[in-house]
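Peer 1: Structure provided below as structure tokens; questions to follow.
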Amino acid sequence: MRMILLGPPGAGKGTQAQRLVDAYNIVQLSTGDMLRAAVAAGTPIGQRAKAVMDAGDLVSDDILVGMISDRVNEDDCKNGFILDGFPRTLAQAEALEDMLAQKSLTLNAVIEMKVDDALLIGRITGRYTCANCGAGYHDENLQPKVAGICDNCGRTDFSRRSDDNAEAVTTRLQAYHEQTAPLLPFYQAKGNLKTVDGMADIDEVTRQMKAALEPG
């Protein structure tokens with residue numbers, strides 16, 4: 001099972017990816033994690049990436065695709081993988097298709113987690129965590145049982161991410177839609193684009209994803 005998850009920050013891709021990893025015994029591939037691992041291991045691709053980053057430049061698409069190419073050759077990817085956060089542009093999508101074709105591999109599905117921007121902004125800006133144990137809460141959807149006291153550890157210190165504000169989230173959403181819009185017709189034309197309701201309950205999103213992955 002080889003797939004791509006598309007969805008803006010805060011849509012829940014990480015949660016759903018882990019559920020699919022467990023359900024299908026596949027591997028979640030994050031380009032950020034792979035990049036750090038390749039640099040740490042000193043692989044040829046990692047050395048190229050390090051030189052680019054040390055110069056203060058952005059890692060090029062050919063380096064990213066080469067890194068993914070190396071990664072999917074490893075034994076733990078034999079059952080398949082989920083790409084999360086890549087591709088972000090049409091050029092990356094085309095380069096990924098070419099690389100997979102050279103390995104005689106194809107994508108089983110590209111799943112778009114469709115969101116309502118206004119509701120997603122509310123979901124993200126309302127979240128906060130216990131500063132001590134990291135338990136997550138939300139202003140409207142998930143408040144502590146006793147106001148101001150963490151259910152998990154009983155502490156009273158909470159924090160919010162500095163970029164979980166409406167302006168920052170709106171900017172991230174705009175960037176996502178601008179970059180991702182061309183990918184949707186690209187994968188639609190290939191017949192492997194599936195769309196699920198990213199605003200639904202977590203279990204319902206998982207159900208929709210599994211249904212989308214059923215053959216036929």
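Peer 1: Taking the stretch 163-206 on its own, how many of its residues are under 18 Å from GLY14 (Cβ atoms), in a helix (DSSP H, G or I), out of contact with any helix residue (DSSP H, G or I) (no Cβ under 7 Å at 6 or more places or on another chain) and not hydroxyl-bearing (Ser, Thr, Tyr)?
Peer 2: 3
Peer 1: Just for helices (runs of 4 or more DSSP H) wholly inside the stretch 1-114: which have at least 3 residues that are touching a strand residue (DSSP E or B) at 6+ places or on another chain (Cβ under 9 Å)? Lay out the reasoning, then the answer.
Peer 2: Numbers: elements: 13-24, 31-41, 44-54, 61-72, 90-102.
Once the helices (runs of 4 or more DSSP H) in the stretch 1-114 are filtered for at least 3 residues that are touching a strand residue (DSSP E or B) at 6+ places or on another chain (Cβ under 9 Å), what remains is 13-24, 61-72, 90-102.
Peer 1: Taking only pairs six or more apart or across chains, which ones have beta-carbon atoms under 8 Å, a first residue in the stretch 42-67 that is surrounded by fewer than 16 Cβ atoms within 10 Å (Cβ to Cβ), and a second residue that is of a type in the set (Gly, Ala, Ser)?
Peer 2: Taking only residues 6 or more apart or on different chains, the pairs are VAL52/SER60; ASP62/ALA95.
Peer 1: Continuing with the same structure: Condition (residue is in contact with a strand residue (DSSP E or B) (Cβ under 9 Å, 6 or more places away or on another chain), of a type outside the set (Val, Ile, Thr) and more than 27 Å from GLN92 (Cβ to Cβ)) applied to the stretch 189-206: is it met by at least one residue?
Peer 2: yes
Peer 1: All but one of (1) among the hydrophobic types (A, V, I, L, M, F, W, C); (2) without any contact (Cβ under 8 Å) to a residue 24 or more places away in the chain; (3) exposed (fewer than 14 other Cβ atoms within 10 Å of the Cβ) hold for ALA200; which doesn't?
Peer 2: (3)
Peer 1: A further question on this structure: Against the condition out of contact with any His (no Cβ under 6 Å at 6 or more places or on another chain) and surrounded by 18 or more Cβ atoms within 10 Å (Cβ to Cβ), how does LEU6 come out, does it pass? Outline the logic, then answer.
Peer 2: On the way: out of contact with any His (no Cβ under 6 Å at 6 or more places or on another chain): yes; surrounded by 18 or more Cβ atoms within 10 Å (Cβ to Cβ): yes.
The answer is yes for LEU6.
Peer 1: Right, something else. I need the full set of residues from the stretch 118-153 which are small (Gly, Ala, Ser) and surrounded by fewer than 12 Cβ atoms within 10 Å (Cβ to Cβ), in order please. Before you say what the answer is, go through the steps one by one.
Peer 2: Here is the first cut: in the stretch 118-153, the residues small (Gly, Ala, Ser) are 118, 122, 126, 131, 134-136, 147-148.
Scanning the stretch 118-153 gives ALA118, GLY134, GLY136, ALA147, GLY148.
Peer 1: Surrounded by fewer than 19 Cβ atoms within 10 Å (Cβ to Cβ), modelled with pLDDT of 90 or more, within 29 Å of LYS114 (Cβ to Cβ) and not hydroxyl-bearing (Ser, Thr, Tyr): which single residue out of ASN73, ASN25 fits that description?
Peer 2: Details: ASN73 fails: within 29 Å of LYS114 (Cβ to Cβ).
Of the residues listed, the single one that is surrounded by fewer than 19 Cβ atoms within 10 Å (Cβ to Cβ), modelled with pLDDT of 90 or more, within 29 Å of LYS114 (Cβ to Cβ) and not hydroxyl-bearing (Ser, Thr, Tyr) is ASN25.
Peer 1: For a quick check of your reading of the model, give me the residue pairs whose first member lies in the stretch 134-157 and is farther than 23 Å from ILE121 by Cβ and at pLDDT 95 or above, whose second is exposed (fewer than 12 other Cβ atoms within 10 Å of the Cβ) and acidic (Asp, Glu), with beta-carbon atoms closer than 9 Å and at least 6 apart or on different chains.
Peer 2: CYS150/ASP157
Peer 1: Sticking with this structure for a sec: For ILE149, all conditions in the list (1) closer than 17 Å to GLY10 by Cα; (2) out of contact with any helix residue (DSSP H, G or I) (no Cβ under 9 Å at 6 or more places or on another chain) hold save one; what is the number of the exception?
Peer 2: Result: ILE149 passes all but (1).
The values are calculated or read from the model by the stated rules, or taken from the named source; none is laboratory data. Only a predicted model underlies this, so the values are computations on that prediction, with no experimental measurement involved. All Cβ positions, glycine included, derive from the backbone under ideal geometry; neighbour counts span all protein chains shown.
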